[in-house]
Protein chains: 2
Amino acid sequence: MAYKTEKHILSLIVENQPGVLSRIVGLFSGRGFNIESLCVAETAEADISRITLVTLGDMDIIEQIKKQLNKLINVIKVIDLTHRPFVARDMALIKVRARPENRAEILRMVDIFRARVVDVGALFYTVEVIGDLEKIRSLINLLTPMGIKEVARTGTIALPRELKKRSK
Amino acid sequence: MAYKTEKHILSLIVENQPGVLSRIVGLFSGRGFNIESLCVAETAEADISRITLVTLGDMDIIEQIKKQLNKLINVIKVIDLTHRPFVARDMALIKVRARPENRAEILRMVDIFRARVVDVGALFYTVEVIGDLEKIRSLINLLTPMGIKEVARTGTIALPRELKKRSK
């Protein structure tokens, strides 16, 4: 019961100082915890960054890590989105081999996934796709038989959902 | 001459093992180097991840860091995109206060920036926007007077552009 493994999305608000990211990532690797994805970038304020981190792990160990994260210098806030409603997005750039006979099919898939071709070379198309992890994995799987050269994914970013009630 | 500071986009292909990210990030913080943004996520292969890292620094120090990154265990490849053509994208989720009198203006900006409203609460809209860093900063600046509650940014991902020559 106590050892339920599940996916956690943590959102950390931190001061934008050298060393913060290193200390945070070190807390996870020190326990042999793999980080599935991580995004870090400044927020609306240049001196404050937000780190969105996805990890898979036992709930009680995550609780320990959260406590330690809260104690770290330069960490302003730790938000665990796991058990509350949130909006999440992933983005990927996928460079796929575009043989003349495959081009119509690639464009069809791009259309179905509401993706976009953002670069066209002699032999490759680069496709930008946004969605949840499953959607991105599906498109990668569908394009794999044509030959994927490279993939760059952002990892997940997320914000808590707001209440729907009360209008005006 | 030797000390020219510029923005570097590094793309690292790594084995998806606990500790890799920690060692990489540690190399930067150990030298007091700030990481402007960083994305890490699996590629088309689940056991291989790509890290896209944006940093601002002296060229010769970046060269040293690149050499050390290449020596790290679990680092398969280090690609410096700085001096070659590349496609780059950033994404952000922006939660903005949506007072009734501001809603039309917010939707107008969303339209101009080809952004999308992905969540509507009683008091807030959450907007998804894709583009380069400047575009995202511009939208944040334009929405700031209405009241931004939260921003989550992915940071930059990038892939090298392919040659345009030769068709078929």
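Points worth noting:
- Shielding by partners for peptide B:106-119, expressed as the average number of C-beta atoms from other protein chains within 10 Å of each residue's C-beta, is 1.
- Trypsin sites (Lys or Arg not before Pro) restricted to the range A:79-165 and DSSP loop, no more than 12 other C-beta within 10 Å: A:ARG114, A:LYS164, A:LYS165
- Of the peptides A:46-53, B:73-80, the ranking by mean beta-carbon count within 10 Å, highest at the top, reads A:46-53, B:73-80.
- Partner chain coverage, peptide A:85-93 - average Cβ within 10 angstrom: 6
- Tensor-based shape of the protein assembly as shown (alpha-carbon gyration tensor, a/c under 1.5 rounded, otherwise prolate or oblate): rounded
- Loop-located GluC sites (Glu not before Pro) in the range B:1-63 (DSSP state not H, G, I, E or B) with no more than 14 neighbouring Cβ atoms inside 10 Å: B:GLU45.
- Relative contact order (%) - criterion: Cα under 8 Å, at least six apart; region: chain B: 27
- Residues listed by number, the range B:49-68, amide nitrogen under 14 Å from B:GLU6 label point at 7 Å toward C-beta: B:55-63
- Nitroxide proxy distance, nm - points 7 Å out along Cα→Cβ at B:ARG103 and A:ASP60: 4.9
- Ranked from shortest, the separations from the 7 Å Cα-to-Cβ label point of A:ASP58 to its equivalents in the other copies are 4.7 nm.
- Averaged over A:21-34, number of beta-carbon atoms from partner chains that fall within 10 Å: 5
- Span per principal axis, largest first, for the Cα atoms of the range A:88-158 (Å): 38, 19, 19
A short reminder: the numbers here are calculations on the coordinates, not readings from a lab. Here the structure is a predicted model, which means the values were calculated and not measured. Because the Cβ atoms are built from the backbone with ideal geometry, glycine has one as well, and the counts that use them run over all protein chains shown.
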